[in-house]
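These notes are about the structure you will find just below.
The values are calculated or read from the model by the stated rules, or taken from the named source; none is laboratory data. Since the structure is predicted, the reported quantities are computational estimates derived from the model, not experimental observations. FYI the Cβ positions are ideal-geometry reconstructions off the backbone, even for glycines, and counts take in every protein chain you see.
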Amino acid sequence: MNKNSSLRMKLYASPHIVWSAIFIVVPLIMVAYYSFTNADGAFSLENIYRLSDYTTTFLRSLWYGIIATIICFILAYPIAYIISQSKLRIQTTMIMLAMIPMWMNFLIRTYAWMNILEDSGVINKILTTIGLEPVHMINTPGAVILGMVYNFLPYMILPIYSVMTKLDKNLVEAAQDLGAGKVSVFAKVVFPMSVPGIVSGITMVFVPSVSTFYISQKLGGGTFALIGDVIEMQFQISNNFHFGAALSLVLMILILICMAFMNRFSSNEDVGGGMVI
């Protein structure tokens with residue numbers, strides 16, 4: 001590659017570099033600056049010391065995010081597998097059906113679940129109509145996790161489906177020819193080759209689940225706070241940008257650690273559908 005070609009490639013990449021610098025690097029620097037300064041702009045560790053007061057909130061957010069991610073994986077994997085094994089026309093239709101909820105506004109979808117789960121909502125009306133006792137579902141941890149699963153399930157389906165459609169069917173046929181049963185073929189061929197899509201899907205579900213705040217406010221009723229709720233409160237209500245930035249910094253570090261851990265499972269895979277950030 002000559003110098004002119006190298007210079008041309010750098011010029012082509014310059015808009016992306018400028019964009020990344022303005023909208024990624026600069027905000028991260030600002031978050032770090034506010035985290036380690038006080039209202040007067042002087043260096044301070046006060047915001048970092050206060051983080052210990054929200055240990056329970058961090059753990060609750062991580063726990064809910066893990067549960068929602070596991071449920072999404074359990075639901076999404078067989079769905080993605082069935083879609084990938086269907087005819088092309090059926091695949092297109094099923095993927096469209098999976099994506100239809102995403103065409104609606106996130107807030108509208110969450111409000112819809114409020115109407116469904118309320119004590120006088122659709123589900124309880126059906127239960128009382130058939131002579132059963134109503135069930136209290138709104139403002140509970142289960143309602144929050146349900147909201148996470150509903151809103152983020154497509155993010156688990158699509159990466160897994162994308163990888164499964166690229167699997168080499170010759171390997172499956174070869175395993176069958178060598179006497180492997182359906183369970184062995186799945187466990188030793190299909191599942192290992194779909195790991196990059198699984199890792200990508202887990203990341204795409206876990207990250208927004210841990211940092212969500214609107215779902216917990218509407219479906220949780222404010223009875224328990226997640227770390228996203230606390231961060232929003234610091235910026236929107238308390239106007240404490242410094243402590244809000246410290247919370248955001250710690251959350252970002254936790255997410256990066258989880259993503260780095262998950263990347264270890266797909267770094268050596270050759271199948272497409274790797275980590276999406």
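You will find that of P192, P154, the residue that is without any contact (Cβ under 8 Å) to a residue 60 or more places away in the chain, surrounded by 19 or more Cβ atoms within 10 Å (Cβ to Cβ) and in a helix (DSSP H, G or I) is P154 and no other.
This table checks each residue for (1) under 26 Å from Q217 (Cβ atoms); (2) exposed (fewer than 13 other Cβ atoms within 10 Å of the Cβ); (3) among the polar types (S, T, N, Q); (4) touching a residue at least 12 places away in the same chain (Cβ under 8 Å).
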{"residue": "T69", "(1), (2), (3), (4)": "yes, no, yes, yes"}
{"residue": "A76", "(1), (2), (3), (4)": "yes, no, no, yes"}
{"residue": "I83", "(1), (2), (3), (4)": "no, no, no, yes"}
{"residue": "L88", "(1), (2), (3), (4)": "no, yes, no, no"}
{"residue": "Q91", "(1), (2), (3), (4)": "no, no, yes, yes"}
{"residue": "M104", "(1), (2), (3), (4)": "yes, yes, no, no"}
{"residue": "R109", "(1), (2), (3), (4)": "yes, no, no, yes"}
{"residue": "N115", "(1), (2), (3), (4)": "yes, yes, yes, no"}
{"residue": "T128", "(1), (2), (3), (4)": "no, yes, yes, no"}
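If you go through the stretch 214-247 and pick out every residue that is among the β-branched types (V, I, T) and either touching a Phe, Trp or Tyr at 6+ places or on another chain (Cβ under 7 Å) or surrounded by 17 or more Cβ atoms within 10 Å (Cβ to Cβ) (or both), you end up with 4. Helices (runs of 4 or more DSSP H) fully within the stretch 1-93 that include at least 1 residues being over 30 Å from V172 (Cα atoms) and under 22 Å from the mean Cα position of the chain (by Cα): 3-20, 26-35, 55-84. The residue that is nearest to the chain's Cα centre (by Cα), counting only those in the stretch 126-151 that are of a type outside the set (A, V, I, L, M), within 25 Å of L107 (Cα to Cα) and not in a loop (DSSP other than H, G, I, E, B), is N151.
One line per residue, one yes/no per condition, for (1) of a type in the set (A, V, I, L, M, F, W, C); (2) closer than 22 Å to L247 by Cα; (3) surrounded by 11 or more Cβ atoms within 10 Å (Cβ to Cβ); (4) in contact with a Lys or Arg (Cβ under 8 Å, 6 or more places away or on another chain):
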{"residue": "S5", "(1), (2), (3), (4)": "no, no, no, no"}
{"residue": "S20", "(1), (2), (3), (4)": "no, no, yes, no"}
{"residue": "Y33", "(1), (2), (3), (4)": "no, yes, yes, no"}
{"residue": "F36", "(1), (2), (3), (4)": "yes, yes, yes, no"}
{"residue": "D40", "(1), (2), (3), (4)": "no, yes, no, no"}
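Return yes or no: is M99 in contact with a Pro (Cβ under 8 Å, 6 or more places away or on another chain), aliphatic (A, V, I, L, M) and either at pLDDT below 95 or loosely packed, with under 14 Cβ neighbours inside 10 Å (or both)?
Criteria met by M99.
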